[in-house]
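First comes the structure, then the notes that go with it.
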Amino acid sequence: YYLDNLLVSLVCLPITWGRWQAISAETDRIIADLSAAAASGATAAAPQLSSQMLSDAAFIGVVQTAVYILLEVFLLTRRGVTPGRFVTRIRVRRVSSDAPLDFATAARRTIVKNVSNLLGGVPILSFFASIFQIADYLWPLRDRRRQAIHDKVATSEVVRIQRGTPQD
């Protein structure tokens, strides 16, 4: 997961760099204002985030989520592994065969898995999406096939890569 997200971040950085710089500059300004108020003994007002900062943060989130989904779907349809899965020696396959996922199955699996990212900025829905994500990641602990909800929806499963297989 971390390795895959690092790759996504590196891919997204050229697209989002200017937005990151703007967020950083505004954050520095807010910290300076709060520090100045604290140094003078005044009570600082709650910082107000500009609509531009919120827009920049939303843009970054949307770009990173879209790139993650596209990258994961692309890689799962090729060999069933992402860089992180390769390092941990696991891969995703269809329940009914050893073949990599087709596009529709990989897209369905990845979108269901990332529902909380997709709905993260929508009030109220983000709460329910977060509860769903927790349930999704805990589901394999009680499932006899060790499938998460996103695997059940896509009829996929995660399996260990055996030494000497073509994925090595």
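Some values worked out for this structure:
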read-out: Per DSSP, loop chymotrypsin sites (Phe, Trp or Tyr not before Pro) in the stretch 1-65 with at most 15 further Cβ within 10 Å; value: TYR1
read-out: Relative packing of 130-137, 65-72, which averages over residues the other C-beta atoms within 10 Å, highest first; value: 65-72, 130-137
read-out: With every protein chain in place, the stretch 15-168: carbon and sulfur % of accessible area (1.4 Å); value: 65 percent
read-out: Where the chain is the region considered: accessible area per residue in Å², 1.4 Å probe; value: 63 Å²
read-out: Nearest-ten-degree value, helix 2-40 long axis tilted from longest Cα axis of the chain; value: 20 degrees
read-out: 5 angstrom amide H check on ILE90, placed H, neighbours 5+ away; value: ILE161
read-out: Rounded tilt (10° steps) of 103-113 against the dominant C-alpha axis of the chain; value: 50 degrees
read-out: Convex hull volume of the stretch 22-168 per residue (C-alpha atoms, cubic angstrom); value: 167 Å³
read-out: Helix axis angle, 51-78 relative to the chain longest principal axis, alpha carbon, degrees; value: 10 degrees
read-out: CD proxy at 222 nm, helix term only [per DSSP H run n ≥ 4: -39500 (n - 2.57); per residue of the chain; nearest 500]; value: -21000 deg cm²/dmol
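The values are calculated or read from the model by the stated rules, or taken from the named source; none is laboratory data. Here the structure is a predicted model, which is why all the values come from computation and not from measurement. Here Cβ is always computed from backbone atoms with ideal geometry, including for glycine, and neighbour counts include all displayed protein chains. Remember, those area values only see protein heavy atoms, side chains included, never the ligands or the DNA or RNA. Shrake-Rupley method; radii C 1.70, N 1.55, O 1.52, S 1.80 Å.
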